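> What follows is a structure written as structure tokens; I'll ask about it next.
Bear in mind these aren't lab numbers, they're just calculated from the coordinates by the rules spelled out. Everything quoted here is computed from the prediction, not taken from an experiment. Please note: Cβ atoms are built from the backbone with ideal geometry, for glycine as well, and neighbour counts cover all protein chains shown.
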Amino acid sequence: MIELSHICKSYVNGAEETKVLRDVSFKVENGEFVAIMGPSGSGKSTLMHIIGALDTPTTGTYTLDDRDISTCSEDELASIRKTRIGFVFQSFHLLSRSTVLRNVMLPLIYAGVTDGERERRARTCLESAGVPKNLHTHLSNQLSGGQMQRVAIARALVNDPTLILADEPTGNLDSKTGDHVLGTFQDLHAQGRTIVLITHEPYVAEHAERIIVVRDGQIVQDQKNPHPRKVSVATEESS
Amino acid sequence: MHFIDQVEEMVLGVTANKVRSGLTMLGIVIGIASVIAMLSVGQGTKKQIEDSISSIGSNLLLVMPGAQRSAGTVVRSAGGSAKTLTMSDAEALKSIPGVKAVEADSSSRVQVTTKGSNTNTQVIGTTPAYTSVRNVSMDTGTFITQAHITSRAKVAVIGPTVRDDLFGENATAIGQRIRISGMEYTVIGLTKTKGGSGFSNADDAIYIPLSTMSAYISGSEYVSTIGVQAESQEVMTTVQESINALLLQRHKVTTADFSVMNQSDLVSTASSVTGTLTLLLASIAGISLLVGGIGIMNMMLTTVTERTREIGLRKAIGARSREIIVQFLGEAMIETMVGGAIGIALGYGISKLISTFASMETVVPMWAVGLAFGVSTGIGLVFGYYPARRASRLNPINALRYE
């Protein structure tokens with residue numbers, strides 16, 4: 001469960017103070033699939049950094065699994081990212097000269113998980129992210145965009161995080177591949193995962209069960225989406 | 001993160017871009033190889049000079065006629081021509097405490113002939129103690145004995161170069177007759193080669209009894225050198241002072257009409273010269289090491305920039321700053337250590353080549369290998385630290401967005 005209350009974030013540039021987030025409060029329960037939507041410059045990226053424990057708020061409290069992490073040190077934040085949060089980025093961020101398996105194992109390496117356990121968990125997650133077995137030993141730069149993003153999703157899953165945070169996960173993909181990736185998120189949601197998806201596209205946001213709209217650093221709309229857009233996920237991906 | 005995983009990540013980091021890592025290592029390889037090669041030449045030269053000095057004899061004091069021009073090892077060059085030392089002086093020196101053996105000799109360059117060939121060489125009239133004092137050992141036959149001295153025997157011991165010149169290489173010389181200044185001598189011995197080098201080649205000499213020398217060749221009782229062997233290195237200074245005092249007293253003079261040359265003075269002078277040479281060579285090589293080190297830093301800084309997004313990702317998935325520092329520092333250390341090892345091997349090979357083709361003795365001292373390895377690892381640490389720290393301080397948000 002994550003809870004943000006009265007989060008403000010401002011950057012000081014010389015004498016000028018820019019307020020990026022003004023008094024943002026909301027709660028995400030375990031197992032929810034939430035989309036945070038807003039145009040560029042709305043502050044949604046900053047919001048994502050705070051939710052993802054990459055940054056701390058200027059004022060306000062952020063509680064993740066009943067722990068207030070808004071005043072954590074850099075190393076404490078790193079440890080929270082390592083164990084509680086799985087990231088999926090727009091541009092995948094895979095280590096291009098490493099194998100698919102190694103990429104997925106990387107968070108486990110930093111977490112100090114033993115060798116055999118690492119590989120077992122990585123393979124399980126690759127499977128649930130829909131990466132076929134024969135690709136596990138490929139170098140990640142030999143994959144297509146859709147495949148790369150699935151590997152990235154598997155990497156986000158591998159530490160069994162409280163929260164999967166996806167930042168424009170379909171931004172670098174064509175619409176068909178993008179749909180498949182969104183379908184993967186819906187599958188994970190069906191398995192009980194908590195997912196926060198950040199996007200500027202209403203179409204992408206409509207796949208979630210709840211949509212939060214951010215504008216000028218404030219939440220302007222927060223409502224349930226009773227009929228999420230369904231993706232017909234084919235068992236085999238064409239891309 | 002376990003240590004072994006950390007090491008694996010470093011190795012993967014180094015092997016991921018082989019060309020870049022190879023070029024980084026190249027600077028260190030060249031630096032270390034030149035340090036090893038230069039030091040080996042310096043040390044080899046030093047050893048060669050020290051060997052040739054000690055081949056003259058060990059714990060040796062040379063007494064020569066003629067005054068010493070200045071303190072130290074500089075001896076008046078015409079010293080040999082003065083006539084102040086006699087055989088009885090040599091006999092008297094034997095009584096000084098700390099003296100192990102004394103030889104006296106008188107030498108002169110003469111034409112030596114045998115059936116069908118002749119050579120110009122140095123004839124040294126000397127006493128039996130010459131072998132121990134001057135470190136001469138016999139190959140075949142015997143050296144001059146006291147009996148030869150007493151009877152003024154016409155016998156000769158020849159050096160290998162003389163044997164080669166007169167009788168041909170590896171010919172049997174013992175029992176042959178040679179003619180020196182119109183008198184016939186019987187060869188009774190052949191000395192072992194000393195690898196003669198420098199101004200006085202011990203291999204190119206003929207030894208005859210001192211009494212025979214004064215009777216038939218020089219025509220005088222004076223000797224040109226008295227060699228005194230001290231019992232140990234420690235007593236040499238005392239013995240030298242005693243020789244001075246005794247000879248002054250015997251010659252009844254106040255200013256010395258002779259000079260005493262101490263072998264250890266020679267050694268220390270030569271050592272300081274070769275030491276300077278080694279230092280010079282090492283500092284040239286050191287500069288190339290420094291350049292190699294800066295090359296490493298440059299490469300590592302480029303690597304940090306190139307891998308900014310990777311660093312951002314590692315931080316996003318939970319790597320701590322310390323782990324990033326260790327990763328980059330470790331990669332720099334691996335590159336410099338492997339480069340150092342290759343450089344040591346290459347430098348060793350170069351020094352072997354030099355000794356083979358330039359007929360120059362080279363010695364690769366173990367301390368130089370240790371030093372080179374230590375220095376290359378140190379370079380990795382020092383020049384890897386700044387880029388590593390820079391990498392660890394990157395903000396993950398900015399690093400991930402870096403284009």
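> Where the only charges are on Cβ atoms (+1 Lys, Arg; -1 Asp, Glu), what is the dipole of the stretch B:83-256 about its Cα centre, to the nearest 20 debye?
Dipole of the stretch B:83-256, to the nearest 20 debye: 420 debye.
> If you don't mind, another one. Positive end of the dipole of chain B, charges at C-beta (+1 Lys, Arg; -1 Asp, Glu), about the Cα centre: which of B:GLY22, B:THR276, B:SER392 has its Cα farthest in that direction?
B:SER392
> Let me ask you something else. Around B:LEU93, what is the net charge, scoring Lys/Arg as +1 and Asp/Glu as -1 over all other residues with Cβ under 14 Å from its Cβ?
In short, -3.
> Hey, which lysines would be in cross-link range of A:LYS230, C-alpha to C-alpha under 23 Å, not counting anything within fewer than 8 residues on its own chain?
Of all the lysines, those that pass the test against A:LYS230 - Cα under 23 Å, at least 8 places apart if same chain - are A:LYS176.
> Excluding B:ALA173 itself, calculate the net charge of residues whose Cβ lies under 15 Å from the Cβ of B:ALA173, where each Lys or Arg counts +1 and each Asp or Glu counts -1.
-2
> Can you give the charge dipole size of the protein assembly as shown about its Cα centre, rounded to the nearest 20 debye, using +1 on the beta carbon of Lys and Arg and -1 on the beta carbon of Asp and Glu?
On the way: 57 positive and 59 negative charges, 241 e Å.
Dipole of the protein assembly as shown, to the nearest 20 debye: 1160 debye.
> What lysines could a cross-link reach from A:LYS224, if we take a straight Cα to Cα line under 23 Å and drop same-chain neighbours fewer than 8 places away?
A:LYS27, A:LYS44
> Continuing with this model, one more query. Extending each Cα 7 Å along its Cβ direction at B:ALA358 and A:THR137, get the distance between those two points in nm, one decimal.
Calculated label separation equals 5.1 nm.
> Picking from A:LEU165, A:ASN30, B:TYR130, whose Cα lies most toward the positive end of the charge dipole for the protein assembly as shown (charges on Cβ: Lys, Arg +1; Asp, Glu -1)?
After comparing all options, I get B:TYR130.
> Per q in 0.16 Å⁻¹, report the Debye log10 I(q)/I(0) for the stretch B:92-215, using one uniform scatterer on each alpha carbon and no solvent.
Cα-only, vacuum Debye calculation for the stretch B:92-215: -0.72.
> Let me ask something else about it. So in chain A, what percent of DSSP beta bridges are antiparallel if you round to the nearest 5?
In chain A, approximately 60 percent of DSSP beta bridges are antiparallel ones.
> Also, quick follow-up: Reachable aspartates and glutamates from A:LYS19, Cα under 18 Å, same-chain residues fewer than 8 places away excluded?
In chain and number order, the partners are A:ASP55, A:ASP216.
> Further question: As I understand it, the dipole of the protein assembly as shown uses +1 on the Cβ of Lys and Arg and -1 on the Cβ of Asp and Glu, about the Cα centre. Which of A:ALA154, B:VAL235, B:PHE167 lies farthest toward its positive end?
Highest projection toward the positive end goes to B:PHE167.
> Could you tell me the distance between the Cα centroids of the stretch B:364-403 and the stretch A:84-142, to the nearest Å?
First find each Cα centre; the distance between them is then 28 Å.
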